[in-house]
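Below is one structure, written out as structure tokens; comments come after it.
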Amino acid sequence: MKDNSRRQFIKNTIAATAAVTVGTSLIDSSTAFAGVEAFKFTQVTLPFKYADLEPNIDALTNEIHYTKHHTAYIKNVNDAIVAENIPYTSEKQFFDNASKLSAKARNNAGGAWNHNFFWESLRAPGGAGPQGKLLDAINSSFGSIDKLKEQFNDAATKRFGSGWAWLVADGNKLKIGSTANQDNPLFDNAELKGTPLLGLDVWEHAYYLKYQNRRPEYIANFWNVVNWDKVASRLS
Ligand SMILES: [Fe+2]
């Protein structure tokens, strides 16, 4: 290599190295999104003891569901956020862009959020039913709480494979439906859209230890442990 060519080669190499360095630093800073930390999912503290929902949902199912399944969704979505440099800074932003996410990020984000929502919807049996504004909304949308349960049970039973049944608010109207896998009604491309008020996990891991193939029995007993005060608090 002549001297001139060697000088040019070294110059090009330095320029290329600088470009890679700049590129890397831009990607790194995007996780911080102009100084704001990228959103991370966290697992709620279980608002009851594993055995508190007996005999409707058994302690072992609750323990495995919370410490294994849910924990894994939280870890996996946070791993995906780092690995894929996902820049969203809020839960809302995350789900508004659900259709643009990788399968790993989307499924685990849904799993992380849906289970937090599910745990907070439950309490030991024996609490009060829906009242006040929530009861009015139920009566005007479905006719009665029994009719709501009938529709919800139908949606939860007929969801083929794994998924969730939902009660959502859409303006002044309440609606019922279901979503597949770990999708939820906040996803931009959800089958059912609205503000989630109540959700039921109908994945087999949620009931199989106690109920095996008897999903309808699990769904029927779920109503005994719904925290209606929490559901009401989600109705703005
Ligand atoms: Fe689950």
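The numbers here are math on the coordinates, done by the rules we state, and not lab data. On a predicted model such as this, the values are computed, not experimentally measured, just so you know. Note that we place each Cβ from the backbone using ideal geometry, even for glycine, and neighbour counts take in every protein chain shown.
Compute the Cα gyration tensor for the stretch 115-236, then decide on rounded, prolate or oblate, letting a ≥ b ≥ c be the square roots of its eigenvalues: rounded whenever a/c is under 1.5, prolate when a/b is larger than b/c in the other cases, and oblate in all that remain. It comes out oblate by the Cα gyration axes. In a DSSP loop and with at most 15 other Cβ atoms within 10 Å, the GluC sites (Glu not before Pro) in the stretch 170-236 are Glu191. The local environment of Trp164, defined by Cβ-Cβ distances under 11 Å, has a net charge of -2 under the rule Lys, Arg +1 and Asp, Glu -1.
Computed over the stretch 136-182, relative contact order equals 35 percent, with contacts defined as Cα pairs under 8 Å that lie 6+ residues apart. Summing charges over neighbours of Asn227, with a neighbour being any other residue whose Cβ is under 12 Å away from its Cβ, gives 0 when K and R count +1 and D and E count -1.
Among Phe117, Phe222, a tally of other beta-carbon atoms within 10 Å of each Cβ gives an order, fewest to most, of Phe117, Phe222.
For the pair the stretch 182-236 and the stretch 49-93, the centres of their Cα atoms are 15 angstrom apart. Restricting the trypsin sites (Lys or Arg not before Pro) of the stretch 159-236 to loop positions (DSSP other than H, G, I, E, B) with no more than 14 neighbouring Cβ atoms within 10 Å leaves Arg214. Legend: residue pairs Lys158/Lys193; Lys49/Lys193; Lys49/Lys133; Lys68/Lys210; Lys173/Lys193, Cα-Cα distance threshold 23 Å; pairs beyond threshold, Lys49/Lys193; Lys49/Lys133.
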